[in-house]
Amino acid sequence: ETRSETLGFQTEVKQLLHLMVHSLYSNKEIFLRELISNASDAAEKMRFEALSNADLYEGNSELNVRVSFDKDAKTVTIEDNGIGMSRQEVIDHLGTIAKSGTASFLSNLSGDQSKDSQLIGQFGVGFYSAFIVADRVDVFTRRAGLPITEAVHWSSKGEGEFTIANTEKAARGTRIVLHLKEGEEEFADGWRLRSLVRKYSDHIAFPVLMEKENLDLTQEEDKDADQTEKTPAQVEYEAVNSATALWTRSKSELNDEEYKAFYKHISHDFADPLSWSHNKVEGNLEYTSLLYLPERAPYDLWNREAPRGLKLYVQRVFIMDQADQFLPLYLRFIKGVVDSNNLSLNVSREILQKDPNVDKLRGALTKRVLDMLAKLAKEDADKYASFWKEFGQVIKEGPAEDYANRDKILKLLRFASTHSGTSEQSVGLEEYVARMQEGQEKIYYVVADNFNTAKNSPHLEIFRKKGIEVLLLTDRIDEWMMSQLFDFEGKSFQDVTKGELNLGEVESEEEKQQQEATAKQLESLIERLKPVLEARVSDVRVTHRLTDSPACLVLGDYDMGLQMRKIMEAAGQ
Ligand code: ADP
Ligand code: MG
């Protein structure tokens with residue numbers, strides 16, 4: 001080995017390593033899932049690069065992953081013939097964390113182990129999870145296309161540093177050898193490893209091979225003797241997983257566990273998804289999509305630069321991660337795969353921006369997601385409530401961003417209202433309309449900084465008296481969203497603090513006459529008040545909207561609401 005050097009891990013890696021080893025202890029078996037997942041990614045990249053340069057295959061285009069073990073040496077080895085890594089790639093990928101937001105992620109950690117293990121799951125543990133069970137990890141790798149002598153040996157004990165040296169490796173790809181910690185010997189076992197591959201990696205699209213074990217009882221006794229005599233050429237391997245891309249299989253053939261495992265593979269999420277939608281479409285636009293709704297919002301949901309988007313495949317060949325052209329921004333939390341026959345295999349991000357098929361796919365996939373959400377709302381109120389808590393504020397960007405689907409999006413919105421009286425956003429517009437009073441023509445709402453202010457607004461007095469429901473909006477985005485909305489099912493939206501109140505047919509003739517009489521009586525008072533308040537208000541009117549308070553401030557129909565004023569002020573306007 002030549003050009004050997006010892007390098008320190010990036011600070012974030014050290015923190016992550018420490019955290020992982022301490023908080024994922026009860027979930028330690030996931031290291032195998034992570035390493036096989038990386039091997040599969042590397043195989044996909046290999047196939048992709050070979051599309052334009054078949055020489056990279058070096059005569060071996062059967063991509064696979066091998067898992068083996070040595071009971072005596074207490075090692076587990078995961079080997080792939082994927083793309084491999086150059087020396088620089090090894091330093092970049094196995095010494096730092098490239099993901100954006102790592103620092104902010106780490107600063108979010110609370111020190112509470114159960115909470116932190118949730119967070120770390122969201123972040124995706126990846127390669128470093130090897131150190132949960134190993135106290136030394138050796139990586140031997142050669143990038144496809146580089147000479148045999150340009151292979152790299154990386155080694156680390158997972159403490160502060162790693163060494164890296166040049167070595168020779170005949171086969172391209174990566175071999176990772178885990179030297180198991182004292183007490184983790186259970187993983188150097190064929191039965192254990194097989195069951196883990198089946199549990200976590202069945203959906204991997206490449207064969208995960210393990211040495212055939214002869215389970216015939218008569219031969220069991222001299223199995224050990226047998227193994228030591230075998231030369232590598234004699235070893236027979238068999239696939240332990242199904243080795244077909246999961247989304248290409250039919251729905252009826254897949255169970256929930258398989259869908260969930262696949263979700264974890266593509267999302268790096270630790271938790272199960274809340275829901276998913278798997279569709280195969282044939283005809284002019286041919287595609288298969290598998291879209292997942294996560295249970296929890298990622299920590300970087302509000303970071304506009306955060307990676308998002310679907311995994312794109314063309315005719316089952318992996319093309320790219322984070323293809324963000326296939327869903328609108330307000331659905332950025334959706335994870336999944338789209339595999340289309342309408343795009344060309346040498347498609348790039350630039351080409352995607354111009355391809356009209358992309359727009360068609362985007363339209364179709366957006367509908368899939370909205371339908372999945374509508375179905376969830378209808379069939380599982382609890383799950384929908386949990387979805388709304390996590391992602392409701394993002395969905396509220398939808399009506400403005402996606403005019404074509406406005407009606408569908410409006411049906412998905414949930415609000416707090418005077419009907420329930422709690423701050424939980426649980427009332428949908430369809431429900432509101434169904435409860436409207438006879439003669440009520442508008443959907444009433446009030447916007448305030450917080451729930452208590454909204455609920456105690458003097459503007460609500462008349463509505464309470466008449467038993468008319470008012471939506472109580474308190475999210476930062478609400479006023480802006482409402483300014484984009486005109487009506488829902490023919491009923492217009494009305495801010496109760498704005499302009500003249502006209503409660504339509506809800507008011508009886510008798511009430512109207514009474515109101516006019518009162519107005520006449522108060523005319524002289526109004527005439528005296530107007531000059532006094534002139535500098536501060538634009539008009540003084542008799543109102544019937546109050547029952548307990550003597551007076552209130554009302555905004556003009558076209559005035560900016562209070563929330564918007566604050567946002568503009570904060571922005572220095
Ligand atoms: P992620 O898979 O989310 O990118 P990981 O920590 O699992 O994060 O892996 C970090 C990076 O190391 C990968 O993105 C990849 O570039 C590289 N890598 C890991 N394992 C392999 C492998 N078997 N073959 C080639 N590259 C790999
Ligand atoms: Mg990974």
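Derivation of every value follows stated rules applied to the coordinates shown; laboratory data play no part. Keep in mind the model is a prediction, meaning the values are calculated, not measured.
How high is the relative contact order of the chain, in percent, with contacts defined as C-alpha pairs under 8 Å that are six or more residues apart?
Once normalised by length, the contact order is 10 percent.
5 Å is the cut-off here: which amide hydrogens, built 1.01 Å from N in the peptide plane, fall below it relative to residue 286, excluding neighbours closer than 5 in sequence?
The list, which skips near neighbours in sequence, is 341, 342.
Mind checking which lysines have their C-alpha under 29 Å from residue 360, skipping anything on the same chain fewer than 8 residues away?
Within reach: 45, 251, 260, 264, 280, 311, 335, 375, 378, 396, 408, 411.
What's log10 of I(q)/I(0) for the chain at q = 0.05, 0.07, 0.11, 0.12 Å⁻¹, Debye sum over Cα points only, no solvent?
-0.32, -0.56, -1.06, -1.20
What does the C-alpha gyration tensor say about the overall shape of the range 241-355? Classify as rounded when a/c is under 1.5, otherwise prolate if a/b is larger than b/c, or oblate.
The shape class here is oblate.
Out of residues 5 or more away from residue 555 or on other chains, whose amide H comes under 5 Å of its own, with H placed 1.01 Å from N in the peptide plane?
Here 498, 499 satisfy the definition.
Check cross-link reach from residue 71 to the lysines: straight Cα distance under 19 Å, and skip same-chain residues fewer than eight apart.
Cα-Cα hits under 19 Å: 28, 181, 212, 223, 230.
Where the Cα atoms of the range 357-494 are projected onto their three principal axes, how long is each span, largest first, in whole Å?
That gives 54, 29, 27 Å along the principal axes, largest extent first.
Rounded to whole Hz and in sequence order, give me ³J(HN,Hα) for the range 273-280 from the Karplus expression 6.51 cos²θ - 1.76 cosθ + 1.60, θ = phi - 60°, writing x for Gly and Pro.
So the J values, rounded to whole Hz, are x, 7, 6, 8, 9, 10, 9, 10.
Return one number: the angle in degrees, 0 to 90 and rounded to the nearest 10, between the long axis of the Cα atoms of helix 381-395 and the longest principal axis of the Cα atoms of the chain.
The angle comes out near 80 degrees.
Which distance in Å, rounded to a whole number, links the C-alpha centroids of the range 47-72 and the range 247-299?
Centre-to-centre distance over Cα atoms comes out at 26 Å.
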